[in-house]
Each structure stands twice: as structure tokens, then as C-alpha cells.
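Some notes on the structure that comes next.
The values are calculated or read from the model by the stated rules, or taken from the named source; none is laboratory data. The structure displayed is predicted, hence computed values, not measured ones. Virtual Cβ from ideal backbone geometry, glycine too; neighbours counted across all protein chains shown. The accessibility values were calculated without ligands, DNA or RNA, using every heavy atom of the protein model including side chains. Shrake-Rupley method; radii C 1.70, N 1.55, O 1.52, S 1.80 Å.
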Amino acid sequence: MNFDRIMIRYGEMALKGKNKKVFEQKLQSNIAGKLNDYPGTTIQKTQGRMYVTLNGEDPQKVMEACQNVFGIHSLSFAVKVEQDEEEMKAAVLLAFRDAEGAKTFKISSKRTDKSFPIVSQEINPLLGGHILRNTEDVKVDVHNPDVEIKVEVRHEGVYVTAQDYPGAGGLPVGTTGKSLLMLSGGIDSPVSGYLTMKRGVELEAIHFHSPPYTSDRAKQKVVDLAQELAKFGSKIKIHVIPFTEIQQKIHREMPEGYSMTIMRRMMMRISERVAAKQEVLSITTGESLGQVASQTMESMSTINEVTNYPIIRPLVAMDKLEIIDISRKIGTYEISIRPFEDCCTVFVPKAPKTKPTRSNANYYESNSDFTKDIEKAIEDSYIIEVDAHENHQQDDPFEDLL
Ligand code: ATP
Ligand code: MG
């Protein structure tokens, strides 16, 4: 016997009325999106639960795919059998064996179909006895069992579920709007994107690229990172912005101590324009207070001056080690530490101002006009669309340059 379905619980949310419907529809379509690789599967929704029927697909792989979907609290393998004693015994044994290492168990049964001749109090010892006879060193513990096996006798059949697997938590991606993630090749911004998606936000990404100072492989890092993030949601559009000319102009015309602050302000201005064009209402960054020179309170204030878009900074209060932990868990760490320069490191001054002021930045910027450069960068930008399986690249104008 094998598990024939996965039970999905999301009931934790205090969702009501219309929100609940939107939440459930989005969750169901997000799960369906993740199960494209398993065409046998189907999804059914019942009261506050969903079931993914496996129809012969690999249970472990389908479980893993579902565990990446935000909005799910927990999952269990389940099997539906006939109202038949022998089948029910085999099912509870399968369920117990799924909880590897469990030494104690409890059976909780519910008899929804009252025509079933065995009452709950008798079902538990009957099925529990079967587990005890077929295992060694295993005991029943009704108060604090390693695994609770749930048996539900309904008129259409008997459902047996085993141990709980953790879901990704959060809200289904697409239920709380869109944000433009400023995605570098570093460790922080992908983690930041992940945490934003966890709250139901769909992402587009923007990446500033400075060929030939930054290589095509630096850009590939960003594509690979977006691909990892796409596993938790759906396709991600990366807006690739050619940033070389603006960086060179900053380098030539702005005082060295302010070049980084002003570069960030230019990035923010361009990001805001792209967000507006895409009807995206916020910008997400991987900034974390105090981490580097550009992430002091003074820097944040000076950089933030150029936009009134909400800036989502999920990492602002996190330690680097906590961020690294998450990046390992979500599979972006190994990509982030590949050693290719990003556009910021190439032009970074030896001694950037850690306490820039808005008035100085405005004063320096007023000596040069960047309007045209910003427009040109946006005009020359292009989109790479990435999903969890493949990349669709659209006319890369840098291809010949590299
Ligand atoms: P990360 O690890 O995300 O690169 P960081 O610690 O290197 O962050 P900074 O270099 O100060 O920090 O960058 C702060 C944030 O600015 C990044 O988290 C990212 O959101 C954004 N950013 C930096 N460089 C780029 C870039 N080339 N393209 C897009 N966004 C960028
Ligand atoms: Mg960086």
C-alpha cells in the first residue's frame, strides 16, 4: 500500500468572507502551478482543507513541491481505503512507518458514517494492536505520542493521515500585491525577496548591470537567483538596466565620498520609474542596518529622499548570520557566493561617506544633469523572464559586447 494523496492544511488564518475565497483560489492555483511537473496530480478543496491526489506520482517529490508553496501551514500524507478492517490496518501501519524514528503513537479515530459497525472506542485498539504486532519497541502513548495517526470513517471511504510536515507558512503569493525587488548578486537581496514573497507579494526584479566592468557571469548569477526565488512563486521578470554610463558619469563628476550615495539614489530613481511603469506599488531591498557604509541611518535617509514609494526592507533588523541561515535554507547561498563582481564593488570608493546628508547630495547632483541618462538607461533596459524551470531571454543588447 502507498499513500494516494497529500492533505494540505491552511486553516490557521483567521480569514473571512471574500478574503477567504481569494486566498483559497490563489492557493489552489499556486499549488497547481507547482505541480505542472506531475501531470497525474489533481487538487480537491473541501472545508478548510485541500487534497492533492497523487494518481501514481512520486509522493516525496510532490510533498517537496507543495512544501515550497506559501500559505500552507502543514501537510500530511494520506491514504483513502475502503471501509474494510484489513485495509484500515494496512493503512495505519503505513502511516506509522512514515513517521521515521517514532517510538510511541496514538490513534485518533472519528466515525462520521454512523452506519460503520465498529465504534470509535473499538477502532483505536483494533488498529493500534495491529501496529504493535507488526513493530518492535513501540508503545501507545495517548498523552504525548511521537505520532498521532488520524482515522476518519466517512461513507465514501476511510481516510488515514500520518505525521505533519511543516508548510512554508505565510500567505499565497499574489494575494497582497506586487513589489519590485532590487536584486544584486549578493546574499541579502534574494533573502529579502523570499521574505517579501512569504507575505503574499508577487515580485518583479530589477538589476543594475555595468558591462564591461561586470561580466555576463555576474548577470547570470542574478538570473539563477531569480530562478531559485521563482520556486516559491511564479515567473519573475528581471528588468536589466545598463548602468555603466551613469556610473562613469558619477565617477567623473561627483565627489568621491558621495559617489556611492549618489549611485544608490540613481538606482532608486530608476527603480521607481520602472515600478510605476509596471504598476508595481513598492520597492524591496536587501538593506540591513549597519551592515556596510551605505546602510547607516544617514545613508538610508539620503537615499530614500528621492522616492516616496514604500521601501520594503525585511532584513533591516536581522543579523548577517540569520540572513545567511535563510539563504542556505532557500538555496540561494551557493549562488550568491560565486565570486563575480557586481556593479557596486567595481566603482566603490576607498572611503565612502558613512554619514551623507540630503543637502550635500542635492547640492552635488545639482551640478550635473542626470535626467537624460536615467531616461536612456530605462529605454535601453530589457527583460529576462525566469521561472523555476527555464529562462526566456529577450534580445540581450550586450551579447556582442561581452
Ligand atoms: P546584497 O547582498 O543584496 O548585495 P549588500 O549587503 O551587498 O546587499 P549593498 O551593496 O549596500 O548591500 O546593497 C543594498 C541593496 O541595494 C541590495 O540588497 C539590493 O537590494 C540593492 N542593490 C545593490 N546593488 C544592486 C544592483 N546591482 N542591482 C539591483 N539592486 C542592487
Ligand atoms: Mg551587494
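Would you mind stating whether residue 264 is buried (at least 22 other Cβ atoms within 10 Å of the Cβ), without any contact (Cβ under 8 Å) to a residue 60 or more places away in the chain and more than 25 Å from residue 199 (Cα to Cα)?
Judged against the criteria, residue 264 is a match.
Test each condition in (1) open to solvent by 40 Å² or more (accessible area, probe 1.4 Å); (2) assigned to a helix (DSSP H, G or I); (3) under 21 Å from residue 387 (Cβ atoms) for residue 62 and report the one that comes out false.
All conditions pass for residue 62, except number (1).
Could you say which residue among 76, 108 is within 30 Å of residue 31 (Cβ to Cβ), of a type in the set (Gly, Ala, Ser) and crowded, with 20+ Cβ neighbours inside 10 Å? Before the answer, list the steps.
Numbers: 108 fails: crowded, with 20+ Cβ neighbours inside 10 Å.
Just one listed residue meets the conditions, 76.
Considering 246, 283, 238, which residue is surrounded by 22 or more Cβ atoms within 10 Å (Cβ to Cβ) and more than 25 Å from the chain's Cα centre (by Cα)?
When all the criteria are applied, what remains is 246.
Being farther than 9 Å from residue 191 by Cβ and touching a residue at least 24 places away in the same chain (Cβ under 8 Å) is the filter; apply it to the stretch 320-331 and report the residue that is most open to solvent (accessible area, probe 1.4 Å).
Filtering the stretch 320-331 for residues that are farther than 9 Å from residue 191 by Cβ and touching a residue at least 24 places away in the same chain (Cβ under 8 Å), the one most open to solvent (accessible area, probe 1.4 Å) comes out as 320.
Would you mention how many residues in the stretch 289-317 are farther than 17 Å from residue 267 by Cα, open to solvent by less than 50 Å² (accessible area, probe 1.4 Å) and either at pLDDT below 95 or within 14 Å of ligand 2 (Cβ to nearest atom) (or both)?
Adding up the residues that qualify gives 2.
Counting only residues that are acidic (Asp, Glu) and at pLDDT below 95, how many does the stretch 368-391 have? Write out each step before concluding.
Narrowing the stretch 368-391 to residues acidic (Asp, Glu): 369, 373, 375, 379-380, 385, 387, 390.
Now restrict to residues that are at pLDDT below 95: 387, 390.
Qualifying residue count, the stretch 368-391: 2.
Could you say which residue among 99, 91 is among the small types (Gly, Ala, Ser), open to solvent by less than 20 Å² (accessible area, probe 1.4 Å) and at pLDDT below 95?
99
Which fully enclosed strands (runs of 3 or more DSSP E) of the stretch 125-194 have 1 or more residues being over 30 Å from residue 277 (Cβ atoms) and aliphatic (A, V, I, L, M)?
Working: elements: 147-154, 157-161, 165-169, 178-182.
Correct list: 147-154, 157-161, 165-169.
Can you find a residue in the stretch 204-214 that is of a type in the set (Asp, Glu), open to solvent by 10 Å² or more (accessible area, probe 1.4 Å) and on the phi < 0 side of the Ramachandran plot? Don't jump to the end; show me each part of the working.
Here is the first cut: in the stretch 204-214, the residues of a type in the set (Asp, Glu) are 204.
If we keep only those that are open to solvent by 10 Å² or more (accessible area, probe 1.4 Å) too, we end up with none.
Looking for residues that are of a type in the set (Asp, Glu), open to solvent by 10 Å² or more (accessible area, probe 1.4 Å) and on the phi < 0 side of the Ramachandran plot, one finds none in the stretch 204-214, hence no.
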